[in-house]
Structure formats: structure tokens, C-alpha cells
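Trainee: Here it is: the structure, laid out below.
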Amino acid sequence: MKQTMPLLILVAVAVSWAVQAQDLTDVSEIVKQTNHTAYYQGQDGRARVLMTITDGSGNTREREFTILRRNADDKDEKQQFYVYFHRPADMRDTVFMVHKHVGRDDDRWLYLPNLDVIKRIAAADERTSFVGSHFFYEDVSGRGLDEDQHELAETSDTYYVVKNTPKNPGAVEFDSFTMWIHKGTFIPVKVEFEKGGKVYRTAEVVEVKDVQGYKTVVKSKMTDTNIGGHTTVEYSDVQYETGLPADIFTERYLRNPPRQHLR
């Protein structure tokens, strides 16, 4: 397994990240800490994102956007996302917004400026392509922990390997997904989605940096063998604890972006 991980991650683990002295055995605690690291670090966050989409023939397209994120409570439950697109020109001013909930479907909106239309994204559409990339809408804001059964399949020197099986298999296209979670940081460095015993979709962390004391993924990649090709996302100008106001994450800001927070 170690040979398949990005080299940069393995070097960082070996050189600077100490693995905790005692392994966790409670899988619910492992996935809870992993979810916190992936989506809830700091009270809020901001980043500029460059997305490069490579199709099965090697052709590439780029999207550049700013993502704003705010925790609405201290329980790793309620959360808000605001994604504003800078380019390409035909996507400029497009906005994707999410209000995460526990125990019910998240609220998701997509503002299309060319049509001046606000579209609600139904729960059934969460696992569809995010703006033509290999990432899904659900990948952007995360999957609810209560949507899957979690099993600690393996513990190695460096990773917790957790298999996750959907409680409602009719609502998703996969049979299960497996996460390789780095024990020292709880970063899920690799996630494989399976259908019919075959891995068809793989997310990988390519680069991690320390930002304001938080171990932060600054480059990742999603590959999908069903459609071919892959998408990489690179994060720059990452900031935590920026004091984002709550009213940014309301419908009136879909048509009127908070530009002072999007530079």
C-alpha cells in the first residue's frame, strides 16, 4: 500500500509527522477525527483554487475559484460553503453554496449568471459532476458520517484503513469506499470507491502543508476510470480564522458576491 501513495506524502510522514503512540481502535472516533481534519479545521477558512480537468484523451480545461467556509456551530455539524468562480470567462460570477445539516439533506444552490437563475441541487444530484470535473458536488462539502457503516479493516504503522458501506445503497452509485487515513494527522490520503468488486474512482492527496498550525491539503487528485481522465485541484492563499460574517452564506449573496472576501 505504501508504494501507491504519493512520494511527497511519504517523505513528509517519515520526516516531520510523529505517529501517535497508541493506536485507536474505535472506528467511530477515527472517522470523526478524519471528518474534522478534512472539513472543520478552524472556525472558518478561505482559499483560491485552481482546478485542472484532464479528459481521457489528454485534453485539459481549467477553472479558478475562491472557496469560503464557515462553521456554524462547534459540534462539527452545521457548516456553510460559498464557492465563487473567477474563470473561465463563461463561468465568471457562477456561485455554488452549501448549508450542511445533520440528520437531513444538505441545502445546495447553484447560481448561473448567464441565465440569472438560482438552481437548487437536489439530494439525488449530490453525486454528479461538479462543474464538469471528476469531483462530485458531495466531494466539495463532504459526506455525512451517519450515511455509512464504518469498519476498521486494517491498522498499519502509518495508516488506519477504514471501509465504509452506505446504509442506503440505492441512493449512491458505489458499493463501498475505503479510506487510508494517516494516523498522525487524520488526513485521508487516499480514498477508493468500489462497484462490483472493482475500484473505479480514486481520490489522492498529492501535497500537504502546515498553514497556521493546521495540516492542510494543498493539492489533490481525483481519477475516474469509468469516464477516463482525472482532475487536480491546487489550493493557494489558504487562510484560517478570517472572521467571515454569517450573512455571506445567504441567497442574496448569490447574485451579489462579497468581493472583499474573494480577492
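Trainee: Going by what's in this entry, would residue 231 be described as under 15 Å from the mean Cα position of the chain (by Cα), surrounded by fewer than 20 Cβ atoms within 10 Å (Cβ to Cβ) and in a strand (DSSP E or B)?
Mentor: Answer is no for this residue.
Trainee: Among the listed residues 214, 253, which satisfies the condition of being more than 28 Å from residue 169 (Cβ to Cβ), at pLDDT 95 or above, touching a Gly at 6+ places or on another chain (Cβ under 8 Å) and of a type outside the set (Lys, Arg)?
Mentor: 214
Trainee: Just for segment 116-150: of the residues that are without any contact (Cβ under 8 Å) to a residue 60 or more places away in the chain and acidic (Asp, Glu), which one is surrounded by the fewest Cβ atoms within 10 Å (Cβ to Cβ)?
Mentor: 146
Trainee: Taking only segment 88-115 into account, find how many residues are without any contact (Cβ under 8 Å) to a residue 60 or more places away in the chain, acidic (Asp, Glu) and under 14 Å from residue 64 (Cβ atoms).
Mentor: Number of matching residues: 1.
Trainee: Run residue 186 past the list (1) in contact with a strand residue (DSSP E or B) (Cβ under 6 Å, 6 or more places away or on another chain); (2) buried (at least 18 other Cβ atoms within 10 Å of the Cβ) and report the number of the one that doesn't hold.
Mentor: (1)
Trainee: Determine if segment 24-35 includes at least one residue that is in contact with a Lys or Arg (Cβ under 7 Å, 6 or more places away or on another chain), modelled with pLDDT of 70 or more, hydroxyl-bearing (Ser, Thr, Tyr) and surrounded by 18 or more Cβ atoms within 10 Å (Cβ to Cβ). Give the steps one after another, and end with the answer.
Mentor: In the first step, residues of segment 24-35 are kept if they are in contact with a Lys or Arg (Cβ under 7 Å, 6 or more places away or on another chain); the result is none.
Taking every residue of segment 24-35 in turn, none turns out to be in contact with a Lys or Arg (Cβ under 7 Å, 6 or more places away or on another chain), modelled with pLDDT of 70 or more, hydroxyl-bearing (Ser, Thr, Tyr) and surrounded by 18 or more Cβ atoms within 10 Å (Cβ to Cβ).
Trainee: Output the residues belonging to segment 39-52 that are outside any strand (DSSP E or B) and crowded, with 16+ Cβ neighbours inside 10 Å.
Mentor: 39, 40, 41, 42
Trainee: If you don't mind, there's one more thing I want to ask. In segment 173-183, what residues are over 17 Å from the mean Cα position of the chain (by Cα) and surrounded by 16 or more Cβ atoms within 10 Å (Cβ to Cβ)? It would help to see each step written out before you state the result.
Mentor: At the first step, the residues of segment 173-183 found to be over 17 Å from the mean Cα position of the chain (by Cα) are 173-176, 183.
Across segment 173-183, the qualifying residues are 174, 176, 183.
Trainee: Output yes when any residue across segment 77-89 is surrounded by fewer than 16 Cβ atoms within 10 Å (Cβ to Cβ), under 23 Å from residue 259 (Cα atoms) and of a type in the set (A, V, I, L, M), and no when none is.
Mentor: For segment 77-89, residues surrounded by fewer than 16 Cβ atoms within 10 Å (Cβ to Cβ), under 23 Å from residue 259 (Cα atoms) and of a type in the set (A, V, I, L, M): present.
Trainee: Residue 29 fails exactly one of the following numbered conditions: (1) free of Cβ contacts under 8 Å to residues at least 60 places away in the same chain; (2) touching a strand residue (DSSP E or B) at 6+ places or on another chain (Cβ under 6 Å). What is the number of that condition?
Mentor: So residue 29 meets the others, but not (2).
Trainee: Could you say whether any residue in segment 160-180 is within 18 Å of residue 125 (Cα to Cα), modelled with pLDDT of 95 or more and assigned to a strand (DSSP E or B)?
Mentor: Among the residues of segment 160-180, at least one is within 18 Å of residue 125 (Cα to Cα), modelled with pLDDT of 95 or more and assigned to a strand (DSSP E or B), which makes the answer yes.
Trainee: Where residues in segment 234-263 are within 19 Å of the chain's Cα centre (by Cα) and of a type in the set (S, T, N, Q), which of them is farthest from residue 139 (Cα to Cα)?
Mentor: Only one residue tops the list, namely 239.
The values are calculated or read from the model by the stated rules, or taken from the named source; none is laboratory data. Model, not experiment: these values are computed from the prediction. Backbone-built Cβ (ideal geometry, glycine too); neighbour counts: all protein chains shown.
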